[in-house]
Amino acid sequence: MSTQQTPVIDTHAHVFHRGLSFVPSRRFTPDYDAPLDAYLGQLDAHGVARGVLVAVSILGNDNSYLLDCLRSQPERLRGVVAINPETDLGYFDEFESAGVVGVRVNLTGNLPVPDLAAGAWAEAVAECVKRGWHIEINDRAARLHESVSPLVNAGVNVVVDHFGMPDRNHGIADAGFSNLLGYAGSRKVWVKLSGAYRTSFDIARAAAPKLLDAFGAGRLLWASDWPFTQYESTQTYGAQRAAINEWLPDAQQRQTVLSDTPRSLFKF
């Protein structure tokens, strides 16, 4: 099957607008809207068939807009929610019926790593295992082992954001990035080739072949990270879409990453 015949899937984007209630603890306040119709316009303009909407930190655990968007495009979209495990397990049926396939644990800003092997988080992880969902981890490479190890031990699928976020100064020499490569043997970890600008495109170019060699194309994903929060003025959707051709020059491997792998993992 050629790449032209398979649907490209964008596995990480955010939608929001300024009419929503942003959490007081937010790290940034957008001065623009990123509504669903704008995102769908980006997909259409760049030949991307489907997308995954990921909970954005400025909304905390309020998934209401994300769920509304999923319900409006059930064939085209899937979702990854943010939760409070103490209160939100009762909503999992509602989440799933709307098209949710995973839970995001966003630790950007050196937020404390929760104990994912105990208490309410352990219950949430077990529920994800039962439903065939994944847990998405967004954190710096140096700390990934604190969250990924207990999740792998629990048998849940794990998705690591943005090349694993190696340190800007150390790049692929970051010991945390080396540790990430070591999880490939578990066959429970996937890595997103996305958000290269959050470290650097030079680091991404060096990291991509290392990730491909360790994980194989079947455990890698591509994403736009639209609307490039806090980097809006320097990034475009087209640039993110084109970068995968450089990172993965082999057409068959690109097909796997752009279509085959996400279609299975995100239940399209």
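The values are calculated or read from the model by the stated rules, or taken from the named source; none is laboratory data. Please read all numbers here as calculations on a predicted model, not as lab measurements. Quick reminder, even Gly has a Cβ in these numbers, built from the backbone with ideal geometry, and neighbours come from all protein chains shown.
Taken over the range 43-63, the criterion of being outside any strand (DSSP E or B) and within 23 Å of residue 121 (Cα to Cα) is satisfied by 55, 56, 57, 58, 59, 60, 61, 62, 63. Of all positions in the range 198-207, none carries a residue that is of a type in the set (S, T, N, Q) and within 24 Å of residue 100 (Cβ to Cβ).
Yes or no, residue by residue, for (1) of a type outside the set (A, V, I, L, M); (2) crowded, with 23+ Cβ neighbours inside 10 Å; (3) at pLDDT 95 or above; (4) outside any strand (DSSP E or B):
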position	(1), (2), (3), (4)
65	yes, no, yes, yes
70	no, yes, yes, yes
74	yes, no, yes, yes
84	yes, no, yes, yes
92	yes, no, yes, yes
97	yes, no, yes, yes
122	no, no, yes, yes
127	yes, no, yes, yes
136	yes, yes, yes, no
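Residues of the range 99-113 being crowded, with 19+ Cβ neighbours inside 10 Å and among the small types (Gly, Ala, Ser), which ones? Matches in the range 99-113: 99, 102.
Residue count for the range 16-35 under the criterion of being touching a residue at least 24 places away in the same chain (Cβ under 8 Å), surrounded by 14 or more Cβ atoms within 10 Å (Cβ to Cβ) and either more than 18 Å from residue 236 (Cβ to Cβ) or of a type outside the set (A, V, I, L, M, F, W, C) (or both): the result is 4.
For (1) part of a loop (DSSP other than H, G, I, E, B); (2) within 20 Å of the chain's Cα centre (by Cα), each residue gets a yes or a no:
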| site | (1), (2) |
| --- | --- |
| 12 | no, yes |
| 22 | yes, no |
| 27 | yes, yes |
| 38 | no, yes |
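Residue 201: under 21 Å from residue 108 (Cβ atoms) and either under 16 Å from the mean Cα position of the chain (by Cα) or of a type in the set (S, T, N, Q) (or both), yes or no? No: the conditions fail for residue 201. Checking each residue in the range 170-198 for being among the β-branched types (Val, Ile, Thr) and either surrounded by fewer than 18 Cβ atoms within 10 Å (Cβ to Cβ) or modelled with pLDDT under 95 (or both) picks out no residue at all.
Taken over the range 226-253, the criterion of being surrounded by 14 or more Cβ atoms within 10 Å (Cβ to Cβ) and without any contact (Cβ under 8 Å) to a residue 60 or more places away in the chain is satisfied by 228, 235, 236, 239, 240, 243, 244, 247, 248, 253.
Looking at (1) within 25 Å of residue 226 (Cα to Cα); (2) assigned to a helix (DSSP H, G or I); (3) among the aromatic types (Phe, Trp, Tyr), which one does residue 183 not meet, given that it meets all the others? Checking residue 183 against (1) within 25 Å of residue 226 (Cα to Cα); (2) assigned to a helix (DSSP H, G or I); (3) among the aromatic types (Phe, Trp, Tyr), the one that fails is (1). The residue that is surrounded by the most Cβ atoms within 10 Å (Cβ to Cβ), counting only those in the range 254-268 that are hydrophobic (A, V, I, L, M, F, W, C) and not in a helix (DSSP H, G or I), is 266. Between 49, 38, the distinction of being within 18 Å of residue 263 (Cα to Cα), surrounded by fewer than 21 Cβ atoms within 10 Å (Cβ to Cβ) and out of contact with any His (no Cβ under 7 Å at 6 or more places or on another chain) belongs to 49 only. The one condition from (1) farther than 30 Å from residue 31 by Cβ; (2) touching a Lys or Arg at 6+ places or on another chain (Cβ under 6 Å) that residue 87 does not meet is (2).
Every condition in (1) in a helix (DSSP H, G or I); (2) within 14 Å of the chain's Cα centre (by Cα) is met by residue 211 except one, and the failing one is (2).
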